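What follows is one structure encoded as structure tokens, with my remarks underneath.
The values are calculated or read from the model by the stated rules, or taken from the named source; none is laboratory data. Since we're looking at a predicted model, the values are computed, not measured. Positions of Cβ are generated from backbone atoms using ideal geometry, with glycine treated the same way; all protein chains shown enter the neighbour counts. To get the accessible areas, we keep the full protein, side chains included, count just its heavy atoms, and leave off ligands, DNA and RNA. Shrake-Rupley method; radii C 1.70, N 1.55, O 1.52, S 1.80 Å.
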Amino acid sequence: MNSVWRNLYWGDIVSLEYGKALRADQRKYGDYPVYGTNGQIGKCNTVLCNEAGIIIGRKGEYREVHYSSIPFFVIDTAFYIKKKENFDVKWAYYYLKTQDINELDSGSAIPSTSREDFYQLPVSVPPLQEQHAIAAVLSSLDDKIDLLNRQNVTLEAMAEALFRQWFAITSGERNNKTKIGDLFDISSGKGLKKEAFLENGTYPILGANGKIGTTNEFLYDEKIIYTGRVGTLGNIFTFFEKAWYSDNTLVFTEIKYFYFTYFLLKFLHLEDYNVGSTQPLIRQSDIKNIEIFLPHKIRIEKFEGIAENIFAKIRSNQTQIITLEKLRDTLLPKLMSGEVRVTY
């Protein structure tokens, strides 16, 4: 096979094209995804790129690289890549995942990606068929991860449907009125110094939107429910391993009925309890004082048993996901550098 790799710069093979402004009300519906700095932010019926392509964050402290398998629109906080020569777009996407886009700062008041610096980034370009083979290896791992994630969404939806069928929290058994603060302890997460954020840390750092990094420290080692305290409100998560919880989260521990409480918190729409002025904020005391009509203990315990079986499968899938992600992340730089080669 032809094994000659060309040592070039990204500016030799692509140009970064500016996205365009699109009002929020214009990205609610449509057939095509709309991308910004941190990923998909909506849908519309207009495209800027008529094929699969790569989106690179242009503005913001945390700028990311994204891939769309179908035509897409890009707003003016991001770039999209235009080819100067033929290459496998999925290979290029994976290659760019090995680059730290956030280091390419133009020096303006708002952190932004410098096109000139991007064009000077080196890239080792394999023959086209080898690009296809590399992309196929990494895509097969991502496809399996995506399948497991979708299975988990379906499994959780089954448990939530059962919760809604069995429990009428706001209008049920009137003789069991209580405050939900009786079901758990609640506290804020803790801040973590910047130097404690590690690229390949042992434990996840969890924020109001989920995982935001990794570290070698952990705050809790137990089954946890957590949600956003400041900034993003209303997302409810579970976690079952050691983790650090950032200071923009609220953490629920010592939970009397774990799965019942999890779905109850989702049902209550905590974002409606926002008391922030300059940015969204929710207080522990406001959550603890929410009144509900608690269903009968026997029914809750029966639900807990069924939900535990469902979530055991979810956790098994999550373990597989973590293993596949580690394999992908280990292979990625080795495949892109040529340290590990694939046949084609």
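Points to keep in mind about this one:
- Among the residues examined, Ala136 qualifies as in a helix (DSSP H, G or I), open to solvent by 20 Å² or more (accessible area, probe 1.4 Å) and out of contact with any helix residue (DSSP H, G or I) (no Cβ under 6 Å at 6 or more places or on another chain).
- For the stretch 85-120, a residue qualifies if it is open to solvent by less than 60 Å² (accessible area, probe 1.4 Å), touching a Phe, Trp or Tyr at 6+ places or on another chain (Cβ under 8 Å), farther than 27 Å from Ser140 by Cα and not β-branched (Val, Ile, Thr), and the qualifying residues are Asn102, Leu104, Phe118, Tyr119.
- Residues of the stretch 280-318 satisfying the condition of being under 23 Å from Val251 (Cβ atoms), without any contact (Cβ under 8 Å) to a residue 40 or more places away in the chain and not small (Gly, Ala, Ser): Arg283, Asp286
- Within the stretch 40-69, the set of residues being in contact (Cβ under 8 Å) with a residue 24 or more places away in the chain, open to solvent by 30 Å² or more (accessible area, probe 1.4 Å) and either under 23 Å from Lys194 (Cα atoms) or touching a Gly at 6+ places or on another chain (Cβ under 7 Å) (or both) comprises Leu48, Arg58, Lys59, Glu61, Tyr62, Glu64.
- Residue match in the stretch 228-237 (condition: surrounded by 20 or more Cβ atoms within 10 Å (Cβ to Cβ) and under 20 Å from Ala196 (Cβ atoms)): yes
- Taken together, Val34, Val47 contain a single residue that is touching a Phe, Trp or Tyr at 6+ places or on another chain (Cβ under 6 Å), part of a loop (DSSP other than H, G, I, E, B) and on the phi < 0 side of the Ramachandran plot, which is Val47.
- Enumeration of residues in the stretch 162-174 that are modelled with pLDDT under 95, assigned to a helix (DSSP H, G or I) and open to solvent by less than 70 Å² (accessible area, probe 1.4 Å): Trp166
- Screening the stretch 8-33 for residues that are farther than 19 Å from Thr77 by Cβ and among the hydroxyl-bearing types (Ser, Thr, Tyr) and picking the one that is modelled with the highest pLDDT gives Tyr9.
- Residue among Glu85, Glu103 that is over 20 Å from the mean Cα position of the chain (by Cα) and within 22 Å of Lys211 (Cβ to Cβ): Glu103
- Top-ranked residue in the stretch 189-221 [being assigned to a loop (DSSP other than H, G, I, E, B) and out of contact with any strand residue (DSSP E or B) (no Cβ under 9 Å at 6 or more places or on another chain); ranked as nearest to Gly231 (Cα to Cα)]: Gly191
- Each residue in the stretch 186-202 was checked for being open to solvent by less than 90 Å² (accessible area, probe 1.4 Å) and farther than 11 Å from Thr215 by Cβ, and 5 of them qualify.
- Boolean, Pro126 is over 22 Å from Thr330 (Cα atoms) and open to solvent by less than 60 Å² (accessible area, probe 1.4 Å): no
- Checked against (1) surrounded by fewer than 17 Cβ atoms within 10 Å (Cβ to Cβ); (2) polar (S, T, N, Q); (3) not in a helix (DSSP H, G or I), Gln151 passes all but a single condition, namely (3).
- Filter result for the condition that a residue is modelled with pLDDT under 90 and within 30 Å of Ser277 (Cβ to Cβ), over Lys177, Lys190, Lys211: Lys211
- Residue in the stretch 262-271 that is among the acidic types (Asp, Glu) and closer than 17 Å to Thr178 by Cβ present: no
- Matching residues, the stretch 83-133, being part of a loop (DSSP other than H, G, I, E, B) and under 18 Å from Lys59 (Cβ atoms): Gln99, Asp100, Leu104, Ser106, Gly107, Ser108, Ala109, Ile110, Pro111, Ser114
- Contact annotation: residue pairs with Cβ atoms under 6 Å, 6 or more positions apart or on different chains, pairing a residue in the stretch 1-26 that is closer than 16 Å to Lys82 by Cα with a partner that is of a type in the set (D, E, K, R) and open to solvent by less than 60 Å² (accessible area, probe 1.4 Å), are Ile13/Glu85.
- Residue in the stretch 292-344 that is surrounded by the most Cβ atoms within 10 Å (Cβ to Cβ), counting only those that are within 16 Å of Asn149 (Cα to Cα) and of a type in the set (D, E, K, R): Arg328
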